1. When you go through 288, 294, 309 one by one, which is the residue that is assigned to a helix (DSSP H, G or I) and under 27 Å from residue 209 (Cα atoms)?
2. Quickly run through the range 9-26 and pick out the residues that are surrounded by fewer than 19 Cβ atoms within 10 Å (Cβ to Cβ) and in a loop (DSSP other than H, G, I, E, B).
3. Which residue, of 135, 106, is farther than 18 Å from residue 47 by Cβ and surrounded by fewer than 21 Cβ atoms within 10 Å (Cβ to Cβ)?
4. Within the range 204-224, count every residue that is part of a helix (DSSP H, G or I) and either modelled with pLDDT under 95 or under 14 Å from residue 161 (Cα atoms) (or both).
5. Could you list, in sequence order, the residues of the range 172-190 that are buried (at least 18 other Cβ atoms within 10 Å of the Cβ) and part of a helix (DSSP H, G or I)?
6. Evaluate the range 103-116: report whether one residue or more is part of a helix (DSSP H, G or I) and either under 24 Å from residue 236 (Cα atoms) or within 17 Å of the chain's Cα centre (by Cα) (or both).
7. Return only the number of the condition from (1) within 20 Å of residue 212 (Cβ to Cβ); (2) free of Cβ contacts under 8 Å to residues at least 60 places away in the same chain; (3) in a helix (DSSP H, G or I) that residue 161 does not satisfy.
């Protein structure tokens, strides 16, 4: 009953935001690099911050650092959705927000200096990768459901590392967002405020699980996004593109924009592929070493990603 009530509240908050966005013209206007063709409300992903707020309101003592961090990235991302900010400002705020959760999780006391540097690079990279991958209807909501569902399964069946409700609130927010976004004509897009806020939530959970289990294998819960984002950046660097400019070179963009595969199908395939990867991680965790699991998962994903280059050769890009 509690979760049904939370879902209803989130639904109403989303509808309230739509009225605000419509009133102040917070919209996404398509350009030649966009995957959509119609003006759509932007920032619907603020629902993830609302979910964090509802959880924090009920657990004031346990989550003040996380809530502070997600509020920082939400505010700067919402601002960026309305009026573009410089990369320096956004990354500085991301760095500060990550520092807050690192302090909360005890990273500065339990991880060597090189490990802390690696953790910063990884966290900031994952936040931006999650944002880069938010480009078609349903992809952020579905992928987040898979990631959060995987974390919930681990929490319930392998290693308790956090209050399960903390994960469930994010999943409920994803479901509400998908109701409005996973359509042929989306009612809203997540915007930076949504993709970065939920990425921050995911990073907090994955990092906490890594610290509790002392295993990096849980990074593979983000393997599909990670391979696409990193390989696309390398591809664009090879082409001497500005990696901070909008583009259409992600694999999902090639499939949906150039080959006209319906957005919802592409999003579903990405989520399905991550489900398969997460199952391999979960069932291989106790039987294989970390390097073996990484190889089992990353090599096929890299091979699959390489198909993109064959597809690009068949079109004039």
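The values are calculated or read from the model by the stated rules, or taken from the named source; none is laboratory data. Please read these numbers as outputs of a predicted model, since none were measured by experiment. Cβ sites come from the backbone with ideal geometry, for glycine too, and all protein chains shown count toward neighbours.
1. From the options 288, 294, 309, the qualifying one is 294.
2. Within the range 9-26, 24, 25 qualify.
3. Only one candidate qualifies: 106.
4. Final tally of qualifying residues: 11.
5. Here is the first cut: in the range 172-190, the ones buried (at least 18 other Cβ atoms within 10 Å of the Cβ) are 172-174, 176-178, 180-182, 186, 188-190.
Residues satisfying the conditions are 172, 173, 174, 176, 177, 178, 180, 181.
6. no
7. (3)
This table checks each residue for (1) within 19 Å of the chain's Cα centre (by Cα); (2) under 18 Å from residue 130 (Cβ atoms); (3) surrounded by fewer than 18 Cβ atoms within 10 Å (Cβ to Cβ); (4) free of Cβ contacts under 8 Å to residues at least 24 places away in the same chain.
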site: 204; (1), (2), (3), (4): yes, yes, no, no
site: 214; (1), (2), (3), (4): no, no, yes, yes
site: 217; (1), (2), (3), (4): yes, no, no, no
site: 221; (1), (2), (3), (4): yes, yes, no, no
site: 224; (1), (2), (3), (4): yes, yes, no, no
site: 231; (1), (2), (3), (4): yes, yes, no, no
site: 261; (1), (2), (3), (4): no, no, yes, yes
site: 315; (1), (2), (3), (4): no, no, yes, no
